[in-house]
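This report refers to the structure that appears directly beneath it.
No lab work stands behind these numbers, since they all come straight from the coordinates. Since we're looking at a predicted model, the values are computed, not measured. Every residue, glycine as well, gets a Cβ built from its backbone with ideal geometry; the counts of neighbours run over all protein chains shown.
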Amino acid sequence: MDTRILTVGAGASSGTAITEAATLLRDGQVVALPTETVYGLAGRADSKEAVERIFAAKNRPADNPLIVHLAEPNQIDAVAEVSPSVRPLVEKLVERFWPGPLTLVLPAKQPYVDTVCRGLSSIAVRIPDHPVFRGVIKAAGVPLAAPSANLSGKPSPTRAVHVHQDMQGRIPLILDGGPCALGIESTVLDLSEDVPAVLRPGLVTVDQIRETLSAAVQPHNKKNAAKSPGTRYRHYSPDARVFLMGPGVSDAALLQLCARLKGKAGKIAYIGARPLDLDDSVVHFPLQPSDLAREIYRLMREMDAQHVTHLLVDGVVEEREGQSIMDRLRRAAFAYLLDDAAVLDLLEQPHIARRGE
Ligand code: TXA
Ligand code: MG
C-alpha cells in the first residue's frame, strides 16, 4: 500500500485533504491525523472492521482499548452512559478542559462495547484541540477511535515524519499538521467508579481536576494505573541505557558519571540545559525544561537513529505538568538518580556501563 502525506494548514487545500481523509474513514480505512498531544491513528469507532485495521496497523495487543474522539460534547451521550450523579462532573470538566488533553472514562454504550472497549464495560472519550482532527470527525459524521499513531513499543509520534517511519505501507494517508503543540498524551481520568481517579498523568493535572470538581480525585498510582490496560505492556524506552537525573544531582556528579561511562560506552548523549564543560565525544541536546514535554518523544527517536548507547537526561521538578513528563521519563529510565548520593552509589557498581543485561 502506498502511504500518501498531505500537508494541512489554514488554506483552502486543507478542505480537500479533510474531505479525502473523511471519505477513506467512512469507507472503513485507517488514516493518521494530527492532535494537540500526539498524532492519532484514526478509524470509525462504530465499525469492528475499521477498529481491527487500527490494531493490525499498530501491532497493538488486542485487549488494549482505544480512546474515542468526538467533535462536540453532545456526542458523549451517543457513546457513553452518563448517570445523573456523574453528569455535573462531566459538565464541569468539559466546560474547562475540552477541547483539550483530558480523556474521560465512562460506562460504554453499544456498539462501542463490541468495537473499542476490548472486554471492558467502560469507554474513554475526548475532544482533541486540533481543527483538522475535529474537521475530519465532522466530515466523516462518526466518532473516531484513535490510539497514538506509532507501532506498539515505539515512542508516540509528534510529527508526521514519525508516523511515516512507523506506518509506511500500512495505511493509505497521513495528514501533516506540523509538530504537535503539547507532545505528551492526554490525561486519562476514570469517572466510572465512586471516586474519580487519574489512570494516566498528562498535561491536565490532578490539582486542576480537583479544583474544577471541588471534590476528591485519586492521583495516578500503581493501583489505578493497573485499570488502564495500556500500562500492562512494556513502555517504550530508547535503545540507550537512560540515566534520569533528579533535582539533587550536581554538575560535578553528572560529569563524574559521564567520565565513568566514557571509554566503556559506545556513544553518550546528554539532554539538559546545564552549561556543562562536556568534551566533544558527548552529544549534547540543550533542552530547556519548558520544551521537554514537546520534544521528548522526538529526541528518543533521535537517540535511536544516532545509535546512542548511554543517555543522561535532566529531569524536571515533579509538580504540575512536570508529573507527566517525569512519568514518561521514569518509564524509559534504567536508573533514576535523585541526588549525588544515588550517583555515588551507582558509581560503586561494576557494570553500570554494560548494556543488554
Ligand atoms: O493524547 C492522547 O490520548 C492520544 C491522542 C491520539 O488522542 N491517544 C492516545 O491513545 O494516547 P493510546 O491508545 O495510545 O492510549 C490510550 C490509553 C491506553 O493506556 C489505554 O489502555 C487507555 O488509554 N484506555 C482506553 N480506554 C480505556 C478504558 N475504557 N478504561 C481504562 N483505560 C482506557
Ligand atoms: Mg499510545
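What the table shows:
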{"read-out": "Index of the failed condition, F243 passing every other in (1) surrounded by fewer than 18 Cβ atoms within 10 Å (Cβ to Cβ); (2) hydrophobic (A, V, I, L, M, F, W, C); (3) in contact with a strand residue (DSSP E or B) (Cβ under 6 Å, 6 or more places away or on another chain)", "value": "(1)"}
{"read-out": "Odd one out for I67, checked against (1) more than 25 Å from T187 (Cα to Cα); (2) under 25 Å from the mean Cα position of the chain (by Cα); (3) among the β-branched types (V, I, T)", "value": "(1)"}
{"read-out": "Residue that is crowded, with 24+ Cβ neighbours inside 10 Å, under 15 Å from the mean Cα position of the chain (by Cα) and not in a helix (DSSP H, G or I), where the choices are P157, P179", "value": "P157"}
{"read-out": "Some residue of the stretch 86-97 being within 16 Å of ligand 2 (Cβ to nearest atom) and not in a helix (DSSP H, G or I)", "value": "no"}
{"read-out": "Every residue from the stretch 2-42 that is farther than 19 Å from H162 by Cα and either within 16 Å of ligand 2 (Cβ to nearest atom) or hydroxyl-bearing (S, T, Y) (or both)", "value": "S13, S14, T16, T19, T23"}
{"read-out": "Of the criteria (1) in a helix (DSSP H, G or I); (2) of a type outside the set (S, T, Y); (3) surrounded by fewer than 17 Cβ atoms within 10 Å (Cβ to Cβ), which one G119 fails", "value": "(1)"}
{"read-out": "Enumeration of residues in the stretch 64-87 that are surrounded by fewer than 21 Cβ atoms within 10 Å (Cβ to Cβ) and either among the small types (G, A, S) or in contact with a Leu (Cβ under 9 Å, 6 or more places away or on another chain) (or both)", "value": "A78, E81, V82, S83, S85, V86"}
{"read-out": "Top-ranked residue of the stretch 129-141 - restricted to ones that are surrounded by fewer than 20 Cβ atoms within 10 Å (Cβ to Cβ) and part of a loop (DSSP other than H, G, I, E, B), ranked as nearest to ligand 2 (Cβ to nearest atom)", "value": "D129"}
{"read-out": "S290 free of Cβ contacts under 8 Å to residues at least 24 places away in the same chain and exposed (fewer than 15 other Cβ atoms within 10 Å of the Cβ)", "value": "yes"}
{"read-out": "Complete set of residues in the stretch 98-116 that are assigned to a helix (DSSP H, G or I) and not aliphatic (A, V, I, L, M)", "value": "Y112, D114, T115"}
{"read-out": "Residue that is farthest from F97 (Cα to Cα) [pool: residues in the stretch 1-44 that are away from ligand 1 (no atom under 16 Å from the Cβ) and charged (D, E, K, R)]", "value": "D2"}
{"read-out": "Qualifying residue in the stretch 45-52 (condition: within 11 Å of ligand 1 (Cβ to nearest atom), under 23 Å from Q165 (Cα atoms), of a type in the set (A, V, I, L, M, F, W, C) and not in a loop (DSSP other than H, G, I, E, B))", "value": "no"}
